[in-house]
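Q: One structure coming up, written as structure tokens, with questions to follow.
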Amino acid sequence: MAHFARQDAFIWHGAGVPITVDMTTQGRGPLALLLPAISTVSTRHELAPLQARLAEHYRTVSVDWPGFGDRARPFHEGNAALMVRFLDDLLTHLSERPALVVAAGHGAGLALLYLKRHPDACDALALVAPTWRGPLPTMTRGVNKPWFKQLRQVFDSPVGKGLYWLNIRPWCIRKMVNEHVFEQQDWLNRARMAGKRQVPKSAGARHGSIRFVTGCYDAFIHAEDARAAVEGLNVPVLMLSTPHMPARSGENMQALGEAGNVDAVTLPHGRLLMHEECPEAVYRAIHDFMEQRAAAAQG
């Protein structure tokens, strides 16, 4: 049975300026919070196919991260600690402890960091292609170079509008997604490309994007830190990956999957946005995981 998707908004004041964060609610039942990836083209809409499936069993809420999404965004100095504060305020706003948190990409790293500090905040956690280190820190093996800050200052300036414009041309977006984001080279058709291009066109989009690229939203520096965080959790953890991940991201996911309390499942297809490209397979893995946990709890 199809469930109506309701669009809503949460005005968040934790960054020093009011930020309107868009949310989509769909389905009935226990709460499932869905957190999208963080990137130049990521929004909660990438979770829509997966959310529609989960809505058969849960009251699902998908939410944009502050500084991202497809609406105009006021400038603020975003970082991982601020995102943890946002999750705290969001869960207070929702007034219900999630039975399930599904977090993708960099959203997974931030969810993991949040649960490290709030270990009883949900009943189960599904990490979908989890990452926790931005593109430039990944290239420098976790070293925070002084020019990262200088690059942010350039992109924040009026000159940065032109530089950002060059980086969101269709050929640039297609190159990025074909190399890192989607396994199927033809998945990003004309209609999907048009949707992706609307995201970075939003006023203020470059500020969050350059902070993601330069590591401001990195939850951890090294894979060992992420693994230690997940090993300290009190909730069951599912981690989904595929053999087609970018090399360094794949290495980090493999290291995380070796944690004793992680149920690591390798799906055959997809890359960093596997939840958007292969929603049925991701849904099936999450559903089976939750069914197994429920059966184990009943003895």
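The values are calculated or read from the model by the stated rules, or taken from the named source; none is laboratory data. Because the structure is predicted, anything quoted here is derived from the model rather than measured. When we count neighbours, we look across all protein chains shown, and the Cβ atoms used for this are built from the backbone with ideal geometry, even at glycine.
Q: Quick one: would you say Asp70 is charged (D, E, K, R), at pLDDT below 90 and buried (at least 17 other Cβ atoms within 10 Å of the Cβ)?
A: Taking the combined requirement at face value, the residue satisfies it.
Q: For residues that are surrounded by fewer than 24 Cβ atoms within 10 Å (Cβ to Cβ), in contact with a Leu (Cβ under 8 Å, 6 or more places away or on another chain) and not acidic (Asp, Glu), tally how many sit in the range 115-124.
A: Matching residues across the range 115-124 total 5.
Q: Specify which of the listed residues (Ile210, Ile221, Ile168, Ile173) is among the β-branched types (Val, Ile, Thr), under 26 Å from Leu240 (Cα atoms) and buried (at least 17 other Cβ atoms within 10 Å of the Cβ).
A: Ile173
Q: May I ask you to say which residue of Gly109, Gly160, Gly142, Gly134 is touching a Phe, Trp or Tyr at 6+ places or on another chain (Cβ under 6 Å) and more than 24 Å from Met23 (Cα to Cα)?
A: Of Gly109, Gly160, Gly142, Gly134, the one residue that is touching a Phe, Trp or Tyr at 6+ places or on another chain (Cβ under 6 Å) and more than 24 Å from Met23 (Cα to Cα) is Gly134.
Q: I've got another one for you. Taking the condition touching a residue at least 60 places away in the same chain (Cβ under 8 Å) and of a type in the set (Asp, Glu), does Asp64 pass?
A: Taking the combined requirement at face value, the residue does not satisfy it.
Q: Would you point out the residue of the range 1-29, among those that are part of a strand (DSSP E or B) and over 30 Å from Glu77 (Cβ atoms), that is modelled with the highest pLDDT?
A: Gln26
Q: Same structure, new question: Report, ordered by the first and then the second residue, all pairs with beta carbons closer than 7 Å, sequence separation of six or more or different chains, a first member in the range 118-147 that is more than 26 Å from Ala296 (Cα to Cα), and a second member that is of a type in the set (Val, Ile, Thr) and buried (at least 17 other Cβ atoms within 10 Å of the Cβ).
A: What qualifies is Gly134/Val213; Gly134/Thr214; Pro135/Val213; Leu136/Val213; Leu136/Thr214.
Q: Which one of these is of a type in the set (A, V, I, L, M), under 14 Å from the mean Cα position of the chain (by Cα) and modelled with pLDDT of 95 or more: Ala80, Ala32, Ala52?
A: Among Ala80, Ala32, Ala52, only Ala80 is of a type in the set (A, V, I, L, M), under 14 Å from the mean Cα position of the chain (by Cα) and modelled with pLDDT of 95 or more.
Q: On to the next question. Kindly provide the set of residues from the range 148-192 that are touching a helix residue (DSSP H, G or I) at 6+ places or on another chain (Cβ under 7 Å) and in contact (Cβ under 8 Å) with a residue 60 or more places away in the chain, ordered by number.
A: Phe148, Leu151, Arg152, Asp156, Ile168, Ile173, Phe182, Glu183, Gln184, Trp187
Q: I'd like to know if the range 268-278 contains one or more residues that are more than 24 Å from Glu231 (Cβ to Cβ), crowded, with 17+ Cβ neighbours inside 10 Å, touching a Cys at 6+ places or on another chain (Cβ under 9 Å) and not hydrophobic (A, V, I, L, M, F, W, C).
A: Checked the range 268-278: at least one residue is more than 24 Å from Glu231 (Cβ to Cβ), crowded, with 17+ Cβ neighbours inside 10 Å, touching a Cys at 6+ places or on another chain (Cβ under 9 Å) and not hydrophobic (A, V, I, L, M, F, W, C).
Q: Given the criterion basic (Lys, Arg) and not in a loop (DSSP other than H, G, I, E, B), identify the matching residue among Arg73, Arg85.
A: Arg85
Q: Determine if the range 243-264 includes at least one residue that is among the β-branched types (Val, Ile, Thr) and touching a Gly at 6+ places or on another chain (Cβ under 9 Å).
A: Checking the range 243-264: not a single residue is among the β-branched types (Val, Ile, Thr) and touching a Gly at 6+ places or on another chain (Cβ under 9 Å).
Q: So, in the range 193-220, how many residues would count as being of a type in the set (A, V, I, L, M, F, W, C), within 30 Å of Arg117 (Cα to Cα) and touching a Pro at 6+ places or on another chain (Cβ under 7 Å)?
A: Residues meeting the conditions: 1.
Q: Would you check if Ala226 is part of a loop (DSSP other than H, G, I, E, B) and under 18 Å from the mean Cα position of the chain (by Cα)?
A: no
Q: Same structure again: Restrict the check to the range 52-59 and report whether at least one residue is in a strand (DSSP E or B), without any contact (Cβ under 8 Å) to a residue 40 or more places away in the chain and not aromatic (Phe, Trp, Tyr).
A: So far as the range 52-59 goes, yes, one or more of its residues are in a strand (DSSP E or B), without any contact (Cβ under 8 Å) to a residue 40 or more places away in the chain and not aromatic (Phe, Trp, Tyr).
Q: Tell me, which residue of the range 88-113 that is under 8 Å from the mean Cα position of the chain (by Cα) and part of a strand (DSSP E or B) is surrounded by the most Cβ atoms within 10 Å (Cβ to Cβ)?
A: Ala104
Q: Right, here's the next one. Are there any helices (runs of 4 or more DSSP H) wholly within the range 157-203 with 3 or more residues that are within 20 Å of the chain's Cα centre (by Cα), at pLDDT 80 or above and at positive phi, and if so which?
A: none
Q: Here's another thing I want to ask about it. Out of the range 256-290, which residues are without any contact (Cβ under 8 Å) to a residue 60 or more places away in the chain and in contact with a Lys or Arg (Cβ under 6 Å, 6 or more places away or on another chain)?
A: Listed by number, the list holds a single entry, Ala259.
Q: Those residues that are free of Cβ contacts under 8 Å to residues at least 60 places away in the same chain and charged (D, E, K, R), I need them from the range 86-117; list them, please.
A: Asp88, Arg117 - these are the residues of the range 86-117 that are free of Cβ contacts under 8 Å to residues at least 60 places away in the same chain and charged (D, E, K, R).
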